[in-house]
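The values are calculated or read from the model by the stated rules, or taken from the named source; none is laboratory data. Everything quoted here is computed from the prediction, not taken from an experiment. Reconstructed Cβ throughout: ideal geometry from the backbone, glycine too, with neighbour counts over all protein chains shown.
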Amino acid sequence: MSVELQELLSFHRTGKNRALKDKKEPALKLRPALFADYSQLSKLRYDYPLVLLDESRNGDHVISLMDLINEVLRLVVPPGTQGTRVRQQVLALELKIRELLRTVPPSKLGELWRRAEKDLLAHQSDEVAQQLQESWDTAWAALRVDGLVVDCDSELPEQFVRHFWRCEEALRTKRGSAKIDRLILKLGDILTVDELKSESSRTPRKLRDSLGSRYQDAFDFDIMAELLNSAAAPVRLPAQRKKRIKAALATLKSQHFFKHSDTDASAGQYGFQYRSVSAAMAAWYERLPDLVALNNAIAVAELEIDNRYCETRHDLYLGRLGAHALSPADLAFFPSYLVSLSERDLDSGEQAILMDALSSDLPLKILLRVNDILGSPSPVDAQLHNGVRGQQFAAMTVGLNDAFVVQGSSSNLYHEQAAVERGINFGGPALFSIYAGSCNMPADLPVYLSTAAAIESRAFPAYSYDPSAAGGLACRYDIEANPQLEAQWVAHEFIYEDEALQRVTETLAFTMLDFATLDVRYADYFADVPKDSWHENMRPAVEYLELAEQERQELVPYVVMIDDKNCLHRLVVDDMLIRVAARCAQNWDTLREFGGINNSYAQAAAERVSQHMAAEKEQALEDLRAQLASRPGVATSGSAPAALAREPEQDVASVAVETIEPELEDADPEGAYIETPRCTTCDECTARNARMFAYDENKQAYIADLTAGTYRDLVEAAENCQVAIIHPGKPLDPKEAGLEDLLARAADFS
Amino acid sequence: MAVRATDLLLSSGDEEHTLEEYEGRMPRWCTGCGDLAILAAVQKLCRDKQLNREKVVFVSGIGCSSRFPHYMGTYGFHGLHGRALPVAEGVKMRRPDLDVFVNTGDGDCCSIGAAHWMHATRYNMNMTVMMHDNNIYGLTKKQASPTSPKGTRSNTTPRGSDLDAFDPLAATLGMSNLSFVAQAVDWIPELLYKIIKQGYEHRGFSFIRILQRCPEFMPNRFEACVQDPDKLLLLTHKNGIELSPGLAKVYKNQKEHDPLDLVGAQEIAGTSERVPVGILYRNDSVPCYEDLRQPTELITPQLIRKGLETELDKFTIWPSD
Ligand SMILES: Cc1ncc(C[n+]2csc(CCOP(=O)(O)OP(=O)(O)O)c2C)c(N)n1
Ligand code: SF4
Ligand code: SF4
Ligand SMILES: [Mg+2]
């Protein structure tokens, strides 16, 4: 083994090759090679910044500046070369807004737009300025939206989730307020009508006032009052009912959960935003009695308005309906609580409360800003370190199986907005665990890149988990927001020039190791190998990771990085990190299995089924061959002739089920009867003899009592039944007068 | 779907409504009048659907058939001749939570109220309209109506009416924004019930023409149809009416007709050979006017007062100084 290789191996295995480390040039700023294209982010058009819309549009609460501008360009700029100038002018303005974002305080799109216009016009001639202004005015007129513009920075998770929470809560509050206002109005109507029935509402004066001034002289209100009051006393509301309605009304009017239309918007209204779980829980429990009372008042009001309140039944229920009876659907009516947390600030006590909260039914929406995914390297050398610290909250919460979970990063919140919205509307707790960048990353590395790297490298995969989704685990997990789902590691094409200035295209994977190169705490776990020491036993880390332990002998894994001058470097990786990367890959595999990709159980089951089917088929063929062989004159060959391999056709005749028409039960030919289902309720027979003929529960006639009339009654009814469905049968009394004639007439209806 | 615990607790054990609860006053129709059969079918429907009596309104115009609301144990509005539909529309617009039924006669609907019928069809508000067609003005003791067959001798046409009968089915099938048209006969209770039920279940304006016997003034009008099942053509379809085996045996003339097929429906209505019975047309995707015009804010007395005052202020002449 060469000296160089020994050196490389020794660093890889022990992380302690001083000689190699000392060769590192500390001044060189290395970045993962795949970052090469992103050195000037603000010059690129990509899905950030976002506009948090003041007014949601078609259900969308947010739109990226790029999408918005594209939309406007589509609307107002002619396609092709005709529109090139205007398109470029609008795009220049977009670029300016991106630049401004980094220098001005948080602003709305409108302000930024005007500011950018001003800056860009500063040094233009009047003529050019006029042209530019025209283009921008047209574009602005087509925009029709405004809202705070936010960039992908460490504040974004909070701004984004809070914005969504506010938008969704505004809808919920609107629904809630409308419902409560309606109930108040309707209950009020019931009381008003009752009041109008009272004697005090019928005094001559009240009657006069109710008419208006114009025709007051035309009536004698004294007599009118006398007349009204001398009539039978109107039915009034029972005292108990009135009391109940008034109590419900009082509760509805004094509630603090929703805005009232007739009072000052915010007076006494509860707030629902918190910075600690314990404070949110405390508020929840403090308000719980109010919530239960309001919930019951709504139930009473709805029943009263529908006139369905039944004291014997409902008094009992409502007396007992406490907090324990609240279902998620009841709670879904009430506002949810937003708690913003930073994982850094969670002490163990607050962590325990958080887990408690997430396993409850309470509508707590918890935003957890994650700042450290890998965790600090262990101070003890070679101590196993799992590198998935940042994922633990989301993973633990999924384990509780009660809460909605969204894991993501600042960079892909825009793509996970549907999940965020569902989490907020989920009828229970939700955790939004969002990686917001870390202070362990180089200060000049844009948060967009570091947080995107977290997702791309599988160090912090994006997913959501909806415990209420029907249809099994794969339906509960949604992992679609990750790039290249089918692949173990994300790979991209990488183009560079070699020493002979020839273009080389290579596929580079972006692994958790590349992500670790960004973290200053892990600098010592990589060693930059000078180009002249590159060895043929060096292997790209992804390839190395694929190898079995014995195949790795004498091989050294490396990652590719570039420096400020865009020169390529190879960094040997400490074995401890290789183990962490393997662990990370396993995590990703597990997540993919949960999400329905490469599900090992399904694959094994499918394999079993296909083996079983193959065996059955083989057996069937075997049987056929045997049958054929036993027939004289048929030669057996390797495979059965096609016609014989077919399933024997089923004998249709033997399986056909006789369709039996349901016959009416044979009526007693001697007895009288009516074909009741055909009766048209014409009253003819019932008017003739109401004891003999009666209506059943469907108001159709039957013979109720044959002895309640004569045979003559029966025969005459039969004759008069327009649909001829009365059959008189034989007479009960053989001595009835005129029987002979009656029997002859009855024959028509036998 | 998630259910509120309070709903579950409070609705469990709701008492079952019997058919009698939907009965109002004693009907004063002639014995043998087909209106009685329609009344029974409707009361049965209310019972089967367990409708809350306070949530149901029957609106009618004037005529024998228009006495219907009196005989129901629900809310009702016995209106003006020909004006049942505008009243029903007003009720539905303001109280979309109520089930609205309309009972109207051939005179009420096709004569004096014809314009309302056309527009109500177009508005497509969710209500069930039963047009009791006895081919005559019954209440006023026998005057020819638009649907009276040519030659009908009546108080207004003593020498027999001169025109061919107006066809309400063909007419309604040509109206705009149609969503449900059916024809029933009062003397086949099973079909009558099924058709009214489908009309009720359809969300939109369900127009059901019911051939109704008036033994008093048109005693023989439908006699042949009642006696001879061959005179009817039963429209069947898995999305329309399916016949019980008993009925299928008696009524041999059946035609499979998809209620979505408007042209087919028009053809059926246009052929006078046999009387079609069943669902001619049903389209569930036509929007209801009351949904399109839902108020965005709660209509409170204050709001109404404010609106009125704004309107009236337009006519106020303010002193110049
Ligand atoms: C404005 C007006 N015109 C005429 C009448 C008289 N009128 C009362 S009922 C009726 C016809 C009723 O016929 P129809 O609608 O077919 O009902 P039926 O009695 O046959 O059920 C007429 C013309 C009236 N009540 N009001
Ligand atoms: S006469 Fe016939 S149709 Fe009329 S109620 Fe009696 S059985 Fe029914
Ligand atoms: S006159 Fe005719 S429609 Fe009127 S109640 Fe009598 S039978 Fe019925
Ligand atoms: Mg009539």
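Of the residues in segment A:284-311, how many are without any contact (Cβ under 8 Å) to a residue 12 or more places away in the chain and either aliphatic (A, V, I, L, M) or within 10 Å of chain B (Cβ to nearest Cβ) (or both)?
5
Specify the residue that is farthest from the other protein chains (Cβ to nearest Cβ); the eligible residues are those in segment B:211-241 that are within 16 Å of ligand 4 (Cβ to nearest atom) and farther than 15 Å from residue B:187 by Cβ.
This residue is B:217.
Could you list, in sequence order, all residues of segment B:11-58 that are closer than 22 Å to residue B:191 by Cβ, assigned to a loop (DSSP other than H, G, I, E, B) and facing another protein chain (nearest Cβ under 9 Å)?
B:27, B:29, B:32, B:33
Restricting the search to segment B:59-106, which residues are within 13 Å of ligand 3 (Cβ to nearest atom), assigned to a helix (DSSP H, G or I) and under 18 Å from residue B:121 (Cβ atoms)?
Within segment B:59-106, B:106 is the sole residue that qualifies.
Just a yes or no: is a residue in segment B:237-257 more than 23 Å from the chain's Cα centre (by Cα), more than 30 Å from residue B:222 (Cα to Cα) and either surrounded by 13 or more Cβ atoms within 10 Å (Cβ to Cβ) or touching a residue at least 24 places away in the same chain (Cβ under 8 Å) (or both)?
No: zero hits.
Mind checking which residues of segment B:128-175 are away from ligand 1 (no atom under 12 Å from the Cβ) and within 17 Å of residue B:279 (Cβ to Cβ)?
Correct list: B:128, B:129, B:169, B:170, B:172, B:173, B:175.
When residues of segment A:693-736 are filtered for being touching a residue at least 24 places away in the same chain (Cβ under 8 Å) and either within 25 Å of residue B:188 (Cα to Cα) or within 11 Å of ligand 2 (Cβ to nearest atom) (or both), how many remain?
Here the count works out to 22.
Within 29 Å of residue A:400 (Cα to Cα) and crowded, with 17+ Cβ neighbours inside 10 Å - does that describe any residue in segment A:301-319?
No - not one qualifying residue is present in segment A:301-319.
Do you know which residues across segment A:719-749 are within 14 Å of chain B (Cβ to nearest Cβ) and assigned to a helix (DSSP H, G or I)?
A:719, A:720, A:748, A:749
Residue by residue, here is whether (1) in a loop (DSSP other than H, G, I, E, B); (2) within 25 Å of residue A:743 (Cβ to Cβ); (3) within 16 Å of ligand 4 (Cβ to nearest atom); (4) at pLDDT below 90 holds:
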site: A:664; (1), (2), (3), (4): yes, yes, no, yes
site: A:668; (1), (2), (3), (4): yes, yes, no, yes
site: A:691; (1), (2), (3), (4): yes, yes, no, no
site: A:697; (1), (2), (3), (4): yes, no, no, no
site: A:702; (1), (2), (3), (4): no, yes, no, no
site: A:707; (1), (2), (3), (4): no, yes, no, no
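In segment B:111-137, how many are farther than 21 Å from residue B:192 by Cα and of a type outside the set (Lys, Arg)?
So the answer is 15.
Is it true that residue B:158 is in a loop (DSSP other than H, G, I, E, B), within 16 Å of ligand 3 (Cβ to nearest atom), free of Cβ contacts under 8 Å to residues at least 12 places away in the same chain and surrounded by fewer than 21 Cβ atoms within 10 Å (Cβ to Cβ)? Steps first, answer last, please.
On the way: in a loop (DSSP other than H, G, I, E, B): yes; within 16 Å of ligand 3 (Cβ to nearest atom): no; free of Cβ contacts under 8 Å to residues at least 12 places away in the same chain: yes; surrounded by fewer than 21 Cβ atoms within 10 Å (Cβ to Cβ): yes.
Against the criterion (in a loop (DSSP other than H, G, I, E, B), within 16 Å of ligand 3 (Cβ to nearest atom), free of Cβ contacts under 8 Å to residues at least 12 places away in the same chain and surrounded by fewer than 21 Cβ atoms within 10 Å (Cβ to Cβ)), residue B:158 does not qualify.
Restricting attention to segment B:184-205, and to residues there that are more than 9 Å from every other protein chain (Cβ to nearest Cβ) and out of contact with any strand residue (DSSP E or B) (no Cβ under 7 Å at 6 or more places or on another chain), which single residue is farthest from residue B:100 (Cα to Cα)?
B:194
Is it true that some residue in segment A:25-48 is in contact with a Leu (Cβ under 9 Å, 6 or more places away or on another chain), among the hydrophobic types (A, V, I, L, M, F, W, C) and at pLDDT 85 or above?
Here is the first cut: in segment A:25-48, the ones in contact with a Leu (Cβ under 9 Å, 6 or more places away or on another chain) are A:30-35, A:37-38, A:41-43, A:45, A:47-48.
Subsequent filtering for residues that are among the hydrophobic types (A, V, I, L, M, F, W, C) retains A:30, A:33-35, A:41.
Going one step further and asking which of them are at pLDDT 85 or above, we end up with none.
No, because not a single residue in segment A:25-48 is in contact with a Leu (Cβ under 9 Å, 6 or more places away or on another chain), among the hydrophobic types (A, V, I, L, M, F, W, C) and at pLDDT 85 or above.
Residue-by-condition table, conditions (1) under 22 Å from residue B:193 (Cβ atoms); (2) acidic (Asp, Glu); (3) modelled with pLDDT under 90:
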site: B:252; (1), (2), (3): yes, no, no
site: B:275; (1), (2), (3): yes, no, no
site: B:285; (1), (2), (3): no, no, no
site: B:289; (1), (2), (3): no, no, no
site: B:297; (1), (2), (3): no, yes, yes
site: B:300; (1), (2), (3): no, no, yes
site: B:315; (1), (2), (3): no, no, yes
site: B:320; (1), (2), (3): no, no, yes
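May I ask you to list the residues in segment A:108-137 that are among the polar types (S, T, N, Q) and buried (at least 17 other Cβ atoms within 10 Å of the Cβ)?
The one that is among the polar types (S, T, N, Q) and buried (at least 17 other Cβ atoms within 10 Å of the Cβ): A:135.
Which residues, taken from segment B:244-281, are within 14 Å of residue B:185 (Cβ to Cβ) and assigned to a loop (DSSP other than H, G, I, E, B)?
Those that are within 14 Å of residue B:185 (Cβ to Cβ) and assigned to a loop (DSSP other than H, G, I, E, B): B:251, B:253, B:274.
Among (1) within 14 Å of chain A (Cβ to nearest Cβ); (2) within 16 Å of ligand 4 (Cβ to nearest atom), there is one condition residue B:102 misses while meeting the rest; what is its number?
The single condition residue B:102 does not satisfy is (1).
When you go through (1) more than 16 Å from ligand 4 (Cβ to nearest atom); (2) over 13 Å from residue B:275 (Cα atoms); (3) more than 12 Å from every other protein chain (Cβ to nearest Cβ); (4) under 17 Å from the mean Cα position of the chain (by Cα) one by one for residue B:208, which number turns out not to apply?
Condition (1) is where residue B:208 drops out.
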